[in-house]
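The values are calculated or read from the model by the stated rules, or taken from the named source; none is laboratory data. Computed from a predicted model, the values in this text were never measured in an experiment. Cβ placement follows ideal geometry from the backbone for every residue including glycine, while neighbour counts extend to all protein chains displayed. With ligands, DNA and RNA removed, areas are computed over all heavy atoms of the protein, side chains included. Shrake-Rupley method; radii C 1.70, N 1.55, O 1.52, S 1.80 Å.
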Amino acid sequence: MRIGVMGGSFDPIHYGHLVAASEAAHRFDLARVIFCPTGQAWHKSTDRRAPAEVRYLMTVVATAADPRFDVSRVDIDRPGPTYTVDTLRDLRDERADAGLPAAEWFFITGADALAEILGWRDPEKVVEAAQLVGVTRPGHVLADPGLPQARVSLLEVPALAISSTDVRRRVAEGAPISYLVPDGVAHLIAKHGLYRT
Ligand code: NAP
């Protein structure tokens, strides 16, 4: 069984993420895609960022209608910074504990974020644990071209013209976010007063 792991802050989750996961599932014949919202935001400033539990909730709401999509709390519940090597180990252990057969893993994230992962903790273990899929909008140039080619694929997704940064900026400016994020996500942003200046 081939399983995708969609790693990201999802602050907030938007249609670009959902299209990217769907494209990756199609391209790599993935039976499931597990969205893993990151835990503590250790490598970026936390102002105007949504709390982990609200990012988790937005991800659950956004993915609820698609039977291929699940959401995991592994990164939210693990104390300390989120490292991809831990994400992949915890998901593999959960599957083994449930008595399910071993799976082939595909870690999907933004192409720029992927370049960073390989510069951080245990990159060789990450590459060993999963095939890496960097999703990017067409024409985007990679920040780090030195990725190991055999284990890394790039997938161009036009819908990734949408970005979380732009959605947060639009909310702060009072601009509409309809059709950029699912309605349920827009409702949660309004309900929790997220991203306002
Ligand atoms: P980020 O720095 O917030 O995002 C960098 C770029 O990638 C942004 O343009 C972002 O767009 C895009 N992106 C992020 N996740 C995406 C996704 N799933 N699909 C499409 N585009 C995506 O990166 P991050 O969200 O914090 O981290 C991404 C993943 O890499 C997480 O799973 C994180 O745990 C992992 N990571 C691990 C390490 C490590 O192990 N040391 C280091 C860095 C990152 P949007 O803002 O629109 O999403």
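Here are the numbers:
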item: Scope region 114-128; condition within 13 Å of D86 (Cα to Cα) and assigned to a loop (DSSP other than H, G, I, E, B); matching residues; result: W120, R121, D122
item: Pairs where the first residue, in region 4-21, is charged (D, E, K, R) and the second is near the ligand (Cβ under 8 Å from one of its atoms) and part of a helix (DSSP H, G or I), C-beta under 8 Å, 6+ apart; result: D11/S164
item: Top-ranked residue of region 80-102 - restricted to ones that are surrounded by 15 or more Cβ atoms within 10 Å (Cβ to Cβ) and within 16 Å of R2 (Cα to Cα), ranked as nearest to the ligand (Cβ to nearest atom); result: L88
item: Criterion (assigned to a helix (DSSP H, G or I), within 17 Å of the chain's Cα centre (by Cα) and among the charged types (D, E, K, R)) met by exactly one of D86, D66; result: D86
item: Restricting region 21-40 to residues that are open to solvent by less than 40 Å² (accessible area, probe 1.4 Å) and outside any helix (DSSP H, G or I), the residue that is farthest from T84 (Cα to Cα); result: L30
item: Subset of region 164-197 that is touching a strand residue (DSSP E or B) at 6+ places or on another chain (Cβ under 9 Å) and in contact (Cβ under 8 Å) with a residue 40 or more places away in the chain - its residue that is surrounded by the most Cβ atoms within 10 Å (Cβ to Cβ); result: V167
item: Qualifying positions in region 160-188 - hydrophobic (A, V, I, L, M, F, W, C) and either away from the ligand (no atom under 14 Å from the Cβ) or modelled with pLDDT of 95 or more (or both); result: I162, V167, V171, A172, A175, I177, L180, V181, V185, A186, L188
item: Of all residues in region 108-130 being open to solvent by less than 40 Å² (accessible area, probe 1.4 Å) and in contact (Cβ under 8 Å) with a residue 60 or more places away in the chain, the one that is nearest to the ligand (Cβ to nearest atom); result: G110
item: Which listed residue, of A52, A64, is among the small types (G, A, S), more than 14 Å from the ligand (Cβ to nearest atom) and either open to solvent by 20 Å² or more (accessible area, probe 1.4 Å) or out of contact with any Cys (no Cβ under 9 Å at 6 or more places or on another chain) (or both); result: A64
